[in-house]
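The values are calculated or read from the model by the stated rules, or taken from the named source; none is laboratory data. All of these numbers come straight from a predicted model, not from anything done at the bench. Glycine gets a Cβ as well: all are built from the backbone with ideal geometry, and neighbour counts include every protein chain shown. Surface areas here come from the heavy atoms of the whole protein model, side chains and all, with no ligands, DNA or RNA. Shrake-Rupley method; radii C 1.70, N 1.55, O 1.52, S 1.80 Å.
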Amino acid sequence: MARLKYVLPEEMVIEILCWLPVKTLLRFRSVCKSWLSIISQPNFIKAHMDYTQIKPNKNASLLWIIFGTLDDQRLKFVSKDSVYYLPNKPHRFEIVGSCNGIICLLVDKIRFLLWNPSTRQAKRTTKILKNQRAWNCMYQVHQMAFGFDSLSNDYKVIRFLGPFTHRRPFITPIFNADNFVPVLQLYSANTDAWKEIHVCDTSIARELLKLRLKFGPVIDGVLYMGNKARLVSFDLHYEVFTVLAFPRSRLLRSDVLEFNGSVAVIQSDVNGSKSLWTLDNIHGQVSWTRKFIMHDRLPWIKSYLGSGLFWGREGPYYSLV
């Protein structure tokens, strides 16, 4: 009985465990039954993800994929401190993205695989929804994305079906571009089902048909896509498109990026100097913030890797903050 007064309340234990990395939590499941129960609860998993989004060092609980190879008849991913293997060897695979330590792979062109290397759990999705016009060579898949919808606690996969663009005349379909409607196919992990969303907004559909809107990051359940003229968002929960304006009228020098949890782009001024801008508030009014000036001889930037390191057409590039 004397030892009971030193036992921490469960709320305090949960608070402490939420700040630990995933790898440590997996070991702590073996400490006692109460910790196993706490760590396995869906509410704790959601709370842990919320904590990792506000921690100064988010790398502690997220998997950083460096490369994937076929080794010993299995797919291997190497992170900063560990090596992970897929249970089975796919014949063909494509990395779609990663979120909260979950990796999304397109396997054999027919279904997706959601894989958690830390827990060694993998979930195969139902087969990709067959679009009749796609099978009639009218549509083809152009882009894919993977993200997390925090409002419904659901992982979702997005596929964009656009017009078939093959240049060989004997297989190029004939269609009326004015009546051609782009299609987004949306997969929900909670329901394990696909649905189709027809893009009826004329201005957005036109940009998608011309393949000018390139898929960017999924941030807080919103997929961002953009070109040199505009930024478009698609809410994974409410399934609504929104057209956003870039900061002023300047030359774009990057894809749509994720920078420390915010949407970001790099733009060039009239005098040639380049700056990174972040979209910090999209509720009611678009608000862009200029973060820092970057080197003049900047290649086209494709992604931000963290710790001041960007990835461009010419390889890694460190910013001048």
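What figure, in Å² to the nearest 10, do you get for the accessible area of ILE45 with a 1.4 Å probe and non-protein molecules left out?
80
Provide, in order from the shortest bin, the percent of all Cα-Cα pairs of the stretch 203-285 in each 10 Å bin, continuing until the bin that contains the maximum pair distance.
17, 52, 27, 3, 0
Give, as a single signed number, the net charge of other residues whose beta carbon lies under 10 Å from the beta carbon of PHE246, with Lys and Arg counted +1 and Asp and Glu -1.
Net of charged neighbours comes to +4.
Using a basic spin-label model with each label point 7 Å from the Cα along Cα→Cβ, how many nm lie between ALA122 and ASP280?
Taking the simple label geometry, ALA122 and ASP280 are separated by 4.3 nm.
Give the ranking of THR202, THR125 by solvent-accessible surface, highest area first, calculated with a 1.4 Å probe.
Greatest to least solvent exposure: THR202, THR125.
Per residue, how much accessible area does the stretch 180-227 show when a 1.4 Å probe rolls over the protein heavy atoms, in square angstrom?
40
How large is the accessible surface of PHE241 in square angstrom, using a 1.4 angstrom probe and rounding to the nearest 10?
PHE241 has an accessible surface of roughly 50 Å² with all protein chains in place.
I want the local charge near VAL270. Using Cβ-Cβ distances under 14 Å, sum +1 for each Lys or Arg and -1 for each Asp or Glu among the other residues.
+2
Using only the heavy atoms of the protein chains and a 1.4 Å probe, how would LYS156, LYS46, LYS33, LYS228 rank by accessible area, largest first?
Largest accessible area first, the residues go LYS33, LYS228, LYS46, LYS156.
Sort CYS104, CYS99, CYS200 by accessible area with a 1.4 Å probe, largest first.
CYS200, CYS99, CYS104
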